[in-house]
Amino acid sequence: MRRILLPLFSLAFAAAAFAQPYKWLDQNGKVQYGDAPPPGVKATPLRPQPAPQPAPVVQSAVKKAPLSPAEQEADFRRRKLDAEKEREKQAQAEQQAEGKRENCARAQEMQRTLATGRVSRTDAKGERYYLDESQLAQETAKARQSVEQWCN
């Protein structure tokens, strides 16, 4: 019998320990304390309500087990391949930037050459001829477009 009563008493006292204590004035003006104030009485809690516990972060239902050696090897190879692709991409971008710088320099040099006003070309027979005013204006416009295209 004692085995049954002892846990019941301990549960009853534990529940009372977690109850919120209140303080209020009764109808005679005396201060009263208790777990549950009577209805219609202005009661003040003696200790503030505990802040609600934040909801636990739900992890994925399936916890990842340690990777097997084969999975580790596959993961390593994937990371290595990704890094190699990134290096190739950066090298290609550098090559494109260098090509753009070279084209810009050529276009600017052509624009400076055309600004002199005395530009010669070679025809199909290998003979040299000088550009007239209209040809020079056309070439200057082309050079200006090239500078805008490659240098911006």
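The values are calculated or read from the model by the stated rules, or taken from the named source; none is laboratory data. Remember, predicted model here, so these are calculated numbers, not experimental data. Ideal geometry is used to build each Cβ from the backbone, glycine not excepted, and the neighbour counts take in all protein chains shown. Protein only, heavy atoms only, side chains kept; ligands, DNA and RNA dropped before computing areas. Shrake-Rupley method; radii C 1.70, N 1.55, O 1.52, S 1.80 Å.
Here the calculated FRET efficiency for Thr113 and Asp75, from their Cβ-Cβ distance with R0 = 41 Å, stands at 0.10, rounded to the nearest 0.05. In this rough spin-label picture, where each label sits 7 Å from Cα along the Cβ direction, the Arg144-Asp123 distance is 2.9 nm. Computed extension gain for Tyr130 through Gln92, at 0.36 nm per residue and net of the alpha carbon distance, reaches 9.7 nm.
Extension gain, Cys151 to Trp24, is 37.4 nm, computed as 0.36 nm per intervening residue step minus the present C-alpha separation. The residues of the range 33-152 expose on average 89 square angstrom of accessible surface per residue, using a 1.4 Å probe on protein heavy atoms.
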